[in-house]
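**Student:** Sharing a structure with you now.
The values are calculated or read from the model by the stated rules, or taken from the named source; none is laboratory data. The structure displayed is predicted, hence computed values, not measured ones. Methodologically, a virtual Cβ is constructed for each residue, glycine included, from the backbone with ideal geometry; neighbour enumeration extends over all protein chains shown.
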Amino acid sequence: MLIFIDDSGDPGFRMDKGSTRTFVICCIIFDDELEAEKTAIAIKEVRRKLKKPDYYEFKFNKCSREYRTEFLKAVAGFKFRIRALVMKKEEIYSPELKRSRESFYNFTIKTVLKYNEKTIKNAKIRLDGRGSRLFRQSLLVYLRKSLNTRERTIIDNIRFRDSNKDVLIQLADMIAGSVGRTYQKEKSDRELYLGLVKKRVEDIWEFK
């Protein structure tokens, strides 16, 4: 099992200073590694169709409506599962989560992986390699301690990827952005993107 994880929004709580009102963590789950390879090829092909260079990175917030639509149509037919956790910041009351961006980010990833209705086990986790080496190491330790027990192993291993070079991390970004867009009521395309991959959605959970 391969899981690619990325987010939409930011983990800050200064909404009066521009922080997003929601934060989304999205898991793209492949039960078959060959299917993951096929999906990666399809993404590279749509990049070529759009006449973009090999180093072009698909990022939801930087793509046009046309690019988002072409991308999502290209991947919709492949077998992967979407599980996402939506954090509405106005409903978060923990002082520690509101004080520390890292704590909030780590907690959100842990939560989406832990409460998975027994659909995730022995997974190879692939995360965007942002942040310092110390941050990545602390996240790795935190997730292993929080998720793996003697009775159950959710994580087999965790690797950090350069999103510019890994198109499946880009897939996680595009889907996370699509989920996040549905919470932007002022946007005319808020239902468009997630609708293109709705058959792949296993669960989108609003944290309470």
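**Student:** Select from segment 172-196 the residues that are surrounded by fewer than 21 Cβ atoms within 10 Å (Cβ to Cβ), touching a residue at least 12 places away in the same chain (Cβ under 8 Å) and not aromatic (Phe, Trp, Tyr) and list them in ascending order. Let's see the steps before the verdict.
**Tutor:** Within segment 172-196, the first condition is being surrounded by fewer than 21 Cβ atoms within 10 Å (Cβ to Cβ), and the residues that meet it are 181-192, 195-196.
Those still in the list that are touching a residue at least 12 places away in the same chain (Cβ under 8 Å) too: 181-183, 189, 192, 196.
Result: 181, 182, 189, 192, 196.
**Student:** If we scan segment 134-148, do we find a residue that is surrounded by 13 or more Cβ atoms within 10 Å (Cβ to Cβ) and closer than 24 Å to residue 60 by Cα?
**Tutor:** yes
**Student:** From the set of residues in segment 182-208 that are assigned to a helix (DSSP H, G or I) and out of contact with any helix residue (DSSP H, G or I) (no Cβ under 6 Å at 6 or more places or on another chain), which is nearest to residue 38 (Cα to Cα)?
**Tutor:** Among them, the one singled out is 200.
**Student:** Go through (1) modelled with pLDDT of 95 or more; (2) assigned to a loop (DSSP other than H, G, I, E, B); (3) closer than 22 Å to residue 156 by Cα; (4) out of contact with any helix residue (DSSP H, G or I) (no Cβ under 7 Å at 6 or more places or on another chain) and name the single condition residue 124 misses.
**Tutor:** Against the list (1) modelled with pLDDT of 95 or more; (2) assigned to a loop (DSSP other than H, G, I, E, B); (3) closer than 22 Å to residue 156 by Cα; (4) out of contact with any helix residue (DSSP H, G or I) (no Cβ under 7 Å at 6 or more places or on another chain), residue 124 comes up short only on (2).
**Student:** Among the residues of segment 60-68, is any in a loop (DSSP other than H, G, I, E, B) and surrounded by 16 or more Cβ atoms within 10 Å (Cβ to Cβ)?
**Tutor:** Taking every residue of segment 60-68 in turn, at least one turns out to be in a loop (DSSP other than H, G, I, E, B) and surrounded by 16 or more Cβ atoms within 10 Å (Cβ to Cβ).
**Student:** Something else: When residues of segment 155-178 are filtered for being within 14 Å of the chain's Cα centre (by Cα) and over 16 Å from residue 58 (Cα atoms), how many remain?
**Tutor:** Going through segment 155-178 one residue at a time, the tally reaches 1.
**Student:** Still on this structure, I have one more. Tell me the residue from 169, 158, 154 that is modelled with pLDDT under 95, crowded, with 21+ Cβ neighbours inside 10 Å and not hydroxyl-bearing (Ser, Thr, Tyr), please. Before you say what the answer is, go through the steps one by one.
**Tutor:** Numbers: 169 fails: modelled with pLDDT under 95; 158 fails: crowded, with 21+ Cβ neighbours inside 10 Å.
One residue alone meets the criteria, 154.
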